[in-house]
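Accompanying notes for the structure given below.
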Amino acid sequence: MSPLALHANTASDLMNPAPVSLVDTATVAEATAFLTDRGFGAAVVINPGGHSVGVVSKTDLLHHARHHGGTHPADITPVTSVMTPAVYTIRVEAPARSVVEQLLELSVHHLFVVDPSGVVVGVISPVDVLRKLR
């Protein structure tokens with residue numbers, strides 16, 4: 001067997017160019033429906049000015065449900081109460097090796113890709129990295 005090789009040079013080569021976002025006024029019920037109905041693992045949470053204030057993931061929602069007796073279709077808890085209040089990012093031109101290193105070092109499942117002006121333009125998950133292994 002030959003060794004696996006990562007066939008990507010930069011974060012741009014690995015990213016999914018369609019990141020999704022939720023407004024910071026969304027509820028846990030809305031976030032749960034949004035992520036599950038669309039098949040996303042996480043979304044950037046943005047304020048009314050369009051600036052990222054955190055990330056809400058399916059894992060965040062599961063932790064919330066576990067500590068509050070399950071999921072409720074009418075859970076009006078603000079998404080800002082359950083989100084991770086940080087957005088882990090990497091520059092679009094960063095080497096693919098740096099992407100893998102950051103995913104491992106930070107122990108995160110989503111790394112958001114930003115352009116030179118800091119705008120989120122993509123997202124990378126471990127599955128995206130695996131797709132580029134040959």
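The values are calculated or read from the model by the stated rules, or taken from the named source; none is laboratory data. Note that the structure is predicted; figures quoted are calculated from it, not measured. Glycine also receives a Cβ, built like all others from the backbone with ideal geometry; neighbour counts cover every protein chain displayed.
In region 72-107, which residue that is touching a helix residue (DSSP H, G or I) at 6+ places or on another chain (Cβ under 9 Å) and among the charged types (D, E, K, R) is farthest from Pro17 (Cα to Cα)?
Asp75
What residue, of Val99, Val123, Val127, Val113, is under 21 Å from Asn9 (Cβ atoms), in a helix (DSSP H, G or I) and in contact (Cβ under 8 Å) with a residue 24 or more places away in the chain?
It is Val99.
Could you say which residue among Val53, Val45 is more than 19 Å from Ser12 (Cβ to Cβ), of a type outside the set (Lys, Arg), more than 12 Å from the chain's Cα centre (by Cα) and not in a loop (DSSP other than H, G, I, E, B)?
Val53 is the lone residue from the list that is more than 19 Å from Ser12 (Cβ to Cβ), of a type outside the set (Lys, Arg), more than 12 Å from the chain's Cα centre (by Cα) and not in a loop (DSSP other than H, G, I, E, B).
Go through region 65-98 and report how many residues are within 27 Å of Pro116 (Cα to Cα) and either of a type in the set (A, V, I, L, M, F, W, C) or in contact with a Lys or Arg (Cβ under 6 Å, 6 or more places away or on another chain) (or both).
7
Give the residue that is surrounded by the most Cβ atoms within 10 Å (Cβ to Cβ), with candidates limited to residues of region 85-134 that are closer than 30 Å to Met1 by Cβ and of a type in the set (Asp, Glu).
Result: Asp128.
Within region 55-71, how many residues turn out to be at pLDDT 90 or above and in contact with a helix residue (DSSP H, G or I) (Cβ under 7 Å, 6 or more places away or on another chain)?
4
For the subset of region 18-35 comprising residues that are at pLDDT below 95 and assigned to a loop (DSSP other than H, G, I, E, B), which member is surrounded by the most Cβ atoms within 10 Å (Cβ to Cβ)?
Here the answer is Pro19.
Check off (1) assigned to a helix (DSSP H, G or I); (2) at pLDDT below 95 for Asp75 and give me the number that stays unchecked.
The one condition Asp75 does not meet is (1).
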